[in-house]
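J.: Dropping the structure in here first, questions after.
The values are calculated or read from the model by the stated rules, or taken from the named source; none is laboratory data. Being a predicted model, the structure only gives us computed values, none of them experimental. All Cβ positions, even for glycine, are placed from backbone atoms using ideal geometry, and neighbour counts span all protein chains on display. What goes into the accessible areas is simple: the full protein's heavy atoms, side chains included, and nothing from ligands, DNA or RNA. Shrake-Rupley method; radii C 1.70, N 1.55, O 1.52, S 1.80 Å.
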Amino acid sequence: MRRFTLLASALALAAATVAVVAIAGPAKVTSFRFCDDPTFPPMESKTTSGKPVGFDVDMANAIATVWGGKATFVQTAFPGLLPALSAHKCDVVISGIFITPDRTKQFPAVPYMRTHRALLVQGGNPKHIASPNGLKGKRVAVQAGTKYEEYLKGLKSKLGFSLQSYPGDTDAVAQLLLGRADAVLTQDTSGAYQMKQHPGKIAIAYLFPASDAFGIYYRKSDADLGAQFGSAIATLKKNGTLKRLAAKHLIPPGDVK
């Protein structure tokens, strides 16, 4: 009888343990590492002292604060962002990167902002560029490894213009300021920032009607982490944090509604 009682007690304890594990579910993340290329202000850049700043950096820190943890910045060149994620050099990518079908085939993404692409020109638009077709015969600068570059390469074969690619968005804009480029393809967020930094020297010649979505990329094997980020973004939208960060970085509040 005693053996039976002990056996029954052991089975009951094992069942209770399994139940606790099942109820507990996956462990919640509090701290995380995010890959970011700080060459795309106001989304991300670095101060003269080397401190990473920008909307994405502030958003990552806000998410970590909600979770009671810490967000660690991992500097990564733009073309290497997703490869770095695949290699587990970071837990997510938060770096003003579009959500596109070719990328989401490999890595899911949580959207957090919608914006529009823009053609930047010199102040006064001396080359009279009013649309993508106006790039014919012009000098165009762009950040390497981006969807902007991919789009321009296709357009170049149809229209014919010189295309120069640079490591960062700010590098491309610098060519415009120096008079070495007639136009730069970037995002309206960058356009607004650059116009404030260089009053009267830069203008938006054309705003593309279709919008793009920026997303937080994660590995397919980390579906629970992706769900946690999705919940965090919903929280930051609901409590107004994203709108406050957008206003701080001169981004239209409607982009993060």
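J.: For the chain, what is the accessible area per residue in Å², given a 1.4 Å probe and the full set of protein chains?
T.: 50 Å²
J.: Which order do the peptides 149-157, 217-225, 74-82 take when ranked by the mean count of other beta-carbon atoms within 10 Å per residue, highest first?
T.: Details: 149-157: 14.6, 217-225: 16.4, 74-82: 18.0.
Descending mean neighbour count gives 74-82, 217-225, 149-157.
J.: Starting from the Cα of A234, step 7 Å along the direction of its Cβ; do the same at A130; then give the gap between the two resulting points in nm.
T.: For A234 paired with A130, the spin-label model returns 4.6 nm.
J.: Another question, if that's okay. Once label points are set 7 Å from the Cα along Cα→Cβ at both V66 and S221, what is their separation, rounded to one decimal in nm?
T.: So the label points at V66 and S221 sit 2.6 nm apart.
J.: Keeping the other protein chains in place, figure out the carbon and sulfur percent of the accessible area of the stretch 96-216, with a 1.4 Å probe.
T.: Within the stretch 96-216, the accessible surface is 53 percent carbon and sulfur.
J.: Over 10 Å intervals from 0, what percent of Cα-Cα pairs in the stretch 19-134 sits in each interval?
T.: Taking every Cα pair in the stretch 19-134, the percentages come to 12, 33, 30, 16, 7, 2, 1, 0.
J.: Then there's this: Less than 30 Å apart at the alpha-carbon level, and either on another chain or at least 8 residues along: which lysines does that give for K257?
T.: Here the lysines satisfying the reach criterion relative to K257 are K28, K46, K51, K70, K105, K147, K196, K220, K237, K238, K243, K248.
J.: When the accessible area of the stretch 24-76 is split by element with a 1.4 Å probe, what percent falls to carbon and sulfur?
T.: Looking at the stretch 24-76 in its full context, I get 55 percent from C and S.
J.: Something else: For semi-axes √(5λ) of the Cα gyration tensor in Å, one of (i) 31, 24, 18; (ii) 46, 18, 15; (iii) 27, 23, 20 was computed from the structure I shared and the rest are decoys. Which label?
T.: Among (i) 31, 24, 18; (ii) 46, 18, 15; (iii) 27, 23, 20, the one calculated here is (ii).
J.: Another question, then. Please give, to one decimal in nm, the separation of the simple spin-label points placed at T30 and V53, each 7 Å out from Cα toward the Cβ.
T.: 3.0 nm
J.: Here is a further query. Compute log10 of I(q)/I(0) for the stretch 104-148 with the Debye formula, placing one identical point scatterer on every Cα and leaving out solvent, at q = 0.13 Å⁻¹, to two decimals.
T.: Log-scaled intensity ratios, in q order: -0.48.
J.: Share of antiparallel DSSP beta bridges in the chain, in percent to the nearest 5?
T.: Counting only bridges with both partners in the chain, antiparallel ones make up about 60 percent.
J.: Still on this model: For the chain, what is the mean residue ellipticity at 222 nm derived from helices alone (per DSSP H run of n ≥ 4: -39500 (n - 2.57); sum divided by total residues; nearest 500 deg cm²/dmol)?
T.: -12000 deg cm²/dmol
J.: A follow-up question, please. Quick check for you: which residues of the stretch 195-238 have the amide N under 17 Å from the point 7 Å beyond the Cα of R114 toward its beta carbon?
T.: Within reach of a label on R114, which here means backbone N under 17 Å from a point 7 Å along Cα→Cβ, the stretch 195-238 contributes 208-216, 234, 237-238.
J.: Restricting to Cα atoms and excluding each atom paired with itself, what does the Kirkwood estimate give for the stretch 45-112 in Å? Kindly include the intermediate steps, with their values, before the conclusion.
T.: On the way: mean 1/r = 0.0758 Å⁻¹.
13.2 Å is the Kirkwood radius here.
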